[in-house]
Ligand SMILES: C[S@@+](CC[C@H](N)C(=O)[O-])C[C@H]1O[C@@H](n2cnc3c(N)ncnc32)[C@H](O)[C@@H]1O
C-alpha cells in the first residue's frame with residue numbers, strides 16, 4: 001500500500017505538508033492554466049468534459065447542490081456550470097489560484113462562487129451537497145482518508161463523490177512511456193515556463209506515490225463510501241472514480 005497522503009520532500013507532518021503544497025501552488029498560479037494545457041496536450045479539457053458528461057444526471061437536476069473542491073483556477077467548475085446552467089460552488093486553499101478562478105468566472109459572466117478553505121477542514125455543514133468533485137486535487141492531500149472523511153460529512157445521504165486524478169496505466173509499455181515523459185521531460189519544460197522546477201518535479205513524484213485505481217477504491221470504501229467504481233481514461237494515465245455516501 002502506498003503512503004496515506006502526499007509526502008513532498010522537505011515537509012514532515014500534515015500541517016507542514018499542507019503549507020508546502022499551498023505555497024507550491026501559490027508560486028505557479030499565474031502560469032498554471034497555460035502549463036496544464038500544454039503539458040497534457042490539451043487532454044485535461046477532454047478529461048474534465050468526460051467527467052461532466054458522466055455527472056450530467058446530477059448536474060442537470062435543478063435542485064442539486066454541487067461543490068468543486070480544490071477548484072484551482074476554476075476549469076472544472078466552469079465546465080460543470082456550462083452543463084448545469086446555474087450557480088455551483090468551488091473551494092481551494094490557495095489564494096492566487098482562487099483569484100484566477102474569480103477572474104475567469106467574471107469574464108464569462110458565470111454565477112458560480114469560490115471560497116477559500118482547506119479540504120481537510122471543510123467549513124460546510126454536514127449533509128450540504130449532492131455532489132462533491134475533486135479534479136487533480138486529491139493527490140495533494142496530506143491525508144487522503146481525512147479528506148475523504150470530510151467530503152463524506154458534507155455530502156447528503158445518497159450524495160456522489162467524483163475524483164478525477166492521475167493514475168497508473170496498467171499496460172507496462174504505456175506506464176514506462178508515461179514515466180519517462182513525467183520524470184524527464186515534464187520537470188524541465190514545466191520548470192522553465194513556470195520558473196518553479198520544484199513544482200514540476202513534485203508533480204511526477206506525487207503521482208508515482210499515489211495509490212493506483214484499485215488501492216484508491218479501497219481507501220474510499222474504508223472511508224465509508226459505497227458503490228465505488230472507476231474508469232480509466234487515456235490508457236489509465238487518468239482515472240475517474242465515483243463513490244456514493246449511503
Ligand atoms: C493540480 S490543481 C487542480 C486544479 C483544478 N481542479 C483543475 O482541474 O485544474 C490542485 C489544486 O488543489 C488545491 N489543493 C490541494 N490540497 C488542498 C487542500 N488540502 N485544500 C484545498 N485545496 C487544496 C491546490 O491549491 C490547487 O489549486
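Over all Cα atoms in region 96-152, the spread is summed up by Rg and Dmax: 13.0, 36 Å.
Give the relative contact order (percent, whole number) for the chain; include only Cα pairs under 8 Å separated by 6+ residues. Computed over the chain, the figure is 22 percent. Determine the percent antiparallel among the DSSP beta bridges restricted to region 101-240, to the nearest 5. The answer is about 50 percent antiparallel.
Working from label points 7 Å from Cα in the Cα-to-Cβ sense, the residue 171 to residue 61 distance is 3.7 nm. Computed extension length for residue 235-residue 103: 44.1 nm, one decimal, from 0.36 nm per residue of separation with the Cα-Cα distance subtracted.
Put simply, when 29-35, 16-22 are sorted by average Cβ atoms within 10 angstrom per residue, most first, you get 16-22, 29-35. Semi-axes of the equivalent ellipsoid for region 146-246, computed as √(5λ) from the eigenvalues of its C-alpha gyration tensor and ordered from largest down, come to 30, 16, 10 Å.
Ordering of 200-210, 100-110 by packing is 200-210, 100-110, highest average first (other Cβ atoms within 10 Å, averaged per residue). Listing 97, 233 from fewest to most neighbouring C-beta atoms within 10 Å gives 233, 97.
Placing a pseudo-label 7 Å from each Cα along the Cα-to-Cβ vector at residue 30 and residue 179 gives an inter-label distance of 3.6 nm. Taking the fewest neighbouring Cβ atoms within 10 Å as the starting point, the ordered list for 163, 219 is 219, 163. By the Stokes-Einstein formula, at 0.890 mPa s and 25 °C, region 146-199 with its Kirkwood radius over alpha-carbon pairs has D equal to 171 µm²/s.
Inter-part distance, region 83-145 to region 11-67, computed on C-alpha centroids, equals 9 Å.
If you take the alpha carbon atoms of the chain and fit the smallest convex hull around them, that volume is 111 Å³ per residue.
Each DSSP beta bridge with both residues in the chain is either parallel or antiparallel, and the antiparallel ones are about 45%. Given their separation in residues at 0.36 nm each and the Cα-Cα distance between them, residue 85 and residue 126 gain 12.2 nm when the chain is fully extended.
Throughout, read-outs are computed from the coordinates displayed, never taken from laboratory work. Given the structure is predicted, the values throughout are model-derived calculations rather than measurements. Glycine also receives a Cβ, built like all others from the backbone with ideal geometry; neighbour counts cover every protein chain displayed.
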